[in-house]
Amino acid sequence: MFNIAAAQSGGPTSAINASLEGIFSQAEKHPEVDNIYGSINGIEGVLHNNFVDLRKILTCQHDKELLRKTPSTALGSCRYKLKDYEEDDSAYKTILKSFEDNNIKAFFYIGGNDSMDTVMKLNNYFRRTGSDIKVIGVPKTIDNDVMITDHTPGFGSAAKYVATSMQEIIRDSRVYSIPSVTIVEIMGRDAGWLTASTCVLRANLEPAPHMIYLPEVEFSIEKFLDDIREAQKKYKAVIIAVSEGISFSDEKYSMSGFSSELTDAFGHKYLSGVGKYLEKIVGAKIGCKVRSIELNVMQRCSAHIASLTDINESSMAGAAAVEAALTNGESGKMMTFNRISSHPYKIEIASHDIADIANQVKYFPVEWITAEHNNVTNDALDYFLPLIQGEVETEYLNGIPVHFRLNL
């Protein structure tokens with residue numbers, strides 16, 4: 001008999017708890033597994049020996065179902081970067097002792113690009129020291145920028161929320177007769193997947209957003225203004241989707257106009273305000289009614305309109321991770337989705353060497369961006385549509401969705 005542990009890291013999503021539920025439910029099927037631990041606040045919980053016994057918390061099927069439908073990280077999260085163990089192995093020794101003291105033989109880390117760095121480093125250290133502890137990564141991020149996997153758990157639900165919110169913004173913007181421009185700022189520091197996903201509205205014959213701007217290509221203010229003027233010839237209310245991480249090509253315009261100098265543990269700048277920055281420029285140069293809307297953190301935990309496909313796949317990824325470690329004896333891997341077809345939609349779950357994934361970014365395909373750099377092609381529509389399908393049945397209390405909560 002031995003124990004296993006799972007932890008959650010990075011930014012929250014609507015589906016990260018579904019992966020935790022998948023790990024727990026699959027581990028319950030293994031008679032050799034005694035305790036199923038959850039590490040509080042990611043790898044920090046392991047460092048501080050701060051575990052909870054999930055068997056004592058998830059005591060019935062209702063608990064598990066509520067967990068898989070609850071947004072954010074039930075166990076809490078962190079943005080903790082492990083140093084290179086060849087430079088400083090003190091944290092690694094602490095982690096190894098924590099696992100050994102608790103008889104933990106498999107560790108499952110649910111997170112994005114930076115979390116996969118932790119998976120890689122831990123696996124390399126354990127192999128170097130002769131430890132038999134298995135380490136498996138389970139991807140999650142609304143940014144959809146993790147390498148190898150077709151898409152990431154959490155992305156489909158965020159895309160569904162963003163498209164729905166965009167549609168409601170469109171309805172609101174069209175009520176007046178005067179010309180207007182509405183700029184919607186959407187998350188995406190390096191990759192434009194989430195912003196590009198607003199194209200799914202075309203499937204319901206909605207022409208807006210009329211322009212979509214992504215970080216993968218340079219952004220020219222002058223061309224942006226020309227694009228708006230051209231769109232105004234056809235539409236009274238012009239709707240624009242823009243990624244927070246767009247790259248300016250005009251020397252007289254600077255990212256410093258809206259970019260924060262603050263960074264996280266992995267050196268990523270906190271971005272916010274490009275929509276407001278562009279709003280001021282449009283107001284000064286074009287002069288029509290203009291507003292900007294920043295969807296901000298609402299994109300991450302929008303469980304009230306989550307994608308059932310996303311929730312189900314996230315749970316499956318967690319379950320597959322358990323099988324990879326406990327049945328196949330794998331370590332230093334991340335679970336991936338391989339798309340077999342889009343029509344009909346079909347995927348398979350596999351595992352891939354973490355060294356090909358950690359610390360890398362999967363960008364939105366440039367070939368799916370129009371030659372004008374202000375929209376995306378129908379290839380993107382075909383890719384996105386299957387990921388937002390299905391609705392999650394939500395439990396309510398006093399008219400408000402019920403969430404699974406731990407008193408951390």
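Rule-based calculations on the coordinates, nothing more; no lab input. Keep in mind that what you see is a predicted model, and the values were worked out from it rather than measured. Note: ideal-geometry Cβ built from the backbone for every residue, glycine included; neighbour counts use all protein chains shown.
Using the beta-carbon distance between Val175 and Ser342 and R0 = 45 Å, what value does 1/(1 + (r/R0)^6) give for FRET efficiency, to the nearest 0.05? About 0.80, to the nearest 0.05. Look at Arg68, Arg55 and count the other Cβ atoms within 10 Å of each Cβ; fewest to most, that gives Arg55, Arg68.
Rounded to the nearest Å, what's the spacing between the alpha carbon centres of the stretch 23-48 and the stretch 135-189? Just the number, please. Using only Cα atoms to place each centre, the spacing works out to 32 Å.
In the chain, the longest principal axis of the Cα atoms and the axis of helix 16-27 are about 30 degrees apart. Residues whose amide H comes within less than 5 Å of that of Ser292, counting only those at least five positions distant or on another chain, are Ile183 (H built at 1.01 Å from N in the peptide plane).
When the pairs Lys223/Lys362; Lys81/Lys362; Lys69/Lys93 are compared against a 30 Å limit on Cα-Cα distance, Lys69/Lys93 fall above it.
The phi-based Karplus calculation (6.51 cos²θ - 1.76 cosθ + 1.60; θ = phi - 60°) puts the 3J(HN,Hα) values of the stretch 77-92 at 9, 7, 10, 9, 9, 6, 6, 5, 5, 6, 8, 7, 9, 4, 5, 5 Hz, whole numbers, x for Gly and Pro. Amide H contacts of Ala358: none lie under 5 Å away among residues 5 or more positions distant or on a separate chain (H built 1.01 Å from N in the peptide plane; Pro and chain starts excluded). What's log10 of I(q)/I(0) for the chain at q = 0.14 Å⁻¹, Debye sum over Cα points only, no solvent? Summing over Cα pairs of the chain leads to -1.18.
Shape of the stretch 1-119 from the C-alpha gyration tensor: oblate (a/c of 1.5 or more and a/b not above b/c, with a ≥ b ≥ c the square roots of its eigenvalues).
Take the Kirkwood radius over Cα pairs of the stretch 124-248, plug it into Stokes-Einstein at 4 °C and 1.567 mPa s, and you get 78 µm²/s for translational diffusion.
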